[in-house]
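The structure under discussion appears below in the form of structure tokens.
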Amino acid sequence: MYLATVKVPGSCGELVQGSLKGTNFLITCPVNLYSSITVKLSKDIDGYRASIRAEKTIRALKKTLSYLGRSELGARVEIKSQLLRGRGMASSTADITAAVGATMAALGYNPDYDLIKRVALEIEPTDGVFLPGIYLFDHLRGEVIEGLGKPPLLHILIFSEKGRVDTIAFNQRSDLKKLNFHKESIVQEAASLVKAGIRVKDPGLIGRGATLSSLAHQSILFKPNLEKIIKLTEGMDEIYGVNVAHSGTLIGLLIDINFPEGELLAEIEAKIPELTFIKRVQLVSGGLEVISKDLISYK
């Protein structure tokens with residue numbers, strides 16, 4: 001039996017998303033909430049089953065075994081996730097890429113990011129949270145446009161509006177290309193600010209860029225509480241700005257790591273009751289992490 005466990009971070013939406021010269025892209029926003037996938041592979045296992053309903057994860061595992069020429073193996077998959085579904089936390093990407101990574105690790109392979117991207121994109125548009133660091137990434141074609149490095153220390157208060165967003169349906173909107181084109185100049189400025197903020201480790205620049213991208217995206221996926229929370233927190237020390245899930249319901253408040261959030265959360269609850277507070281998290285580098293020490297534990 002082959003066994004491995006891999007974890008991949010989820011996200012709080014994206015720091016920036018849109019298009020530049022017609023090329024779709026996002027800047028990843030990985031956070032310290034994870035999807036952990038344990039894969040057990042054996043010829044003695046019949047079929048493919050997961051611990052929870054996970055059709056996309058099973059499809060990813062089967063595709064990976066096919067690409068590696070090991071389709072004779074059956075599998076059992078255990079999924080432990082801290083990520084909300086359908087909100088913009090890259091939960092599907094984390095599950096899919098962790099499953100691909102765990103399958104490869106169990107069989108003794110090092111991570112092959114080209115294969116991981118290929119498998120993920122055959123299932124749906126993918127975030128770049130499985131890539132180590134922060135990336136400017138084409139989520140529709142899987143092209144790595146630019147590695148931006150490691151983020152500075154920065155915390156995020158995650159809130160959610162009501163409802164869910166179907167990522168696949170969102171990316172298939174017939175008007176999306178035109179709407180993205182109209183905000184390209186703002187998105188270019190937003191991306192430049194975030195890239196500079198990561199380069200010089202300045203959370204303030206990241207917050208300014210993320211806020212620009214969030215507001216520009218209102219013409220595509222309107223968040224009724226976004227401008228309310230911006231107005232409420234404007235001018236507050238140690239609050240750098242907001243970011244959003246551009247195809248989800250999340251709004252993130254970017255804050256200093258030492259900011260005491262208690263009074264602010266109470267004020268937001270009183271004045272913007274439509275927002276639900278989810279969790280305080282840290283912006284981290286993305287990437288696959290192999291947890292199991294015995295990559296090939298039994299035969």
Subject >> Where a residue in region 13-42 is in contact (Cβ under 8 Å) with a residue 60 or more places away in the chain and closer than 17 Å to ILE79 by Cα and its partner, wherever it lies, is hydroxyl-bearing (Ser, Thr, Tyr) and not in a strand (DSSP E or B), with Cβ under 6 Å and at least six apart >> reply: VAL39/THR103
**OP:** Could you please find all residues in region 15-41 being touching a Gly at 6+ places or on another chain (Cβ under 8 Å) and of a type outside the set (A, V, I, L, M)?
**Re:** ASN24, PHE25, THR28, CYS29, PRO30, TYR34, SER35
Original post:
Filter region 108-146 for residues that are closer than 14 Å to GLU14 by Cα and among the charged types (D, E, K, R); which is surrounded by the fewest Cβ atoms within 10 Å (Cβ to Cβ)?
Top reply: ASP138
Subject >> Residue in region 184-213 that is modelled with the lowest pLDDT, counting only those that are closer than 18 Å to GLU146 by Cβ, among the charged types (D, E, K, R) and in a helix (DSSP H, G or I) >> reply: GLU184
Original post:
in contact (Cβ under 8 Å) with a residue 12 or more places away in the chain, touching a Pro at 6+ places or on another chain (Cβ under 6 Å) and assigned by TED's automatic domain parsing to the domain that holds ALA196, is that true of LEU140?
Top reply: no
Original post:
Restricting region 65-107 to residues that are polar (S, T, N, Q) and buried (at least 18 other Cβ atoms within 10 Å of the Cβ), which is farthest from VAL244 (Cα to Cα)?
Top reply: THR103
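Residue by residue, here is whether (1) of a type outside the set (D, E, K, R); (2) farther than 30 Å from ALA266 by Cβ; (3) out of contact with any strand residue (DSSP E or B) (no Cβ under 8 Å at 6 or more places or on another chain) holds:
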site: PRO151; (1), (2), (3): yes, no, no
site: SER174; (1), (2), (3): yes, yes, yes
site: GLU189; (1), (2), (3): no, yes, yes
site: LYS195; (1), (2), (3): no, yes, no
site: VAL200; (1), (2), (3): yes, yes, yes
site: ILE229; (1), (2), (3): yes, no, no
Original post:
Looking only at region 240-258, which residues are outside any strand (DSSP E or B), of a type outside the set (Val, Ile, Thr) and either surrounded by 24 or more Cβ atoms within 10 Å (Cβ to Cβ) or in contact (Cβ under 8 Å) with a residue 60 or more places away in the chain (or both)?
Top reply: ALA245, HIS246, SER247, GLY248, ASP256
Subject >> Checking ASN180 against (1) surrounded by 15 or more Cβ atoms within 10 Å (Cβ to Cβ); (2) at pLDDT 95 or above, the condition it does not meet >> reply: (2)
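Results for (1) more than 15 Å from LEU26 (Cβ to Cβ); (2) not aromatic (Phe, Trp, Tyr), shown as yes or no for each residue.
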{"position": "PHE181", "(1), (2)": "yes, no"}
{"position": "GLU189", "(1), (2)": "yes, yes"}
{"position": "ASP202", "(1), (2)": "yes, yes"}
{"position": "PRO224", "(1), (2)": "yes, yes"}
{"position": "LYS228", "(1), (2)": "yes, yes"}
{"position": "LYS231", "(1), (2)": "yes, yes"}
{"position": "GLY235", "(1), (2)": "yes, yes"}
{"position": "VAL244", "(1), (2)": "no, yes"}
{"position": "ASP256", "(1), (2)": "yes, yes"}
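The values are calculated or read from the model by the stated rules, or taken from the named source; none is laboratory data. Since this is a predicted model, take the numbers as computed values, not measurements. All Cβ positions, even for glycine, are placed from backbone atoms using ideal geometry, and neighbour counts span all protein chains on display.
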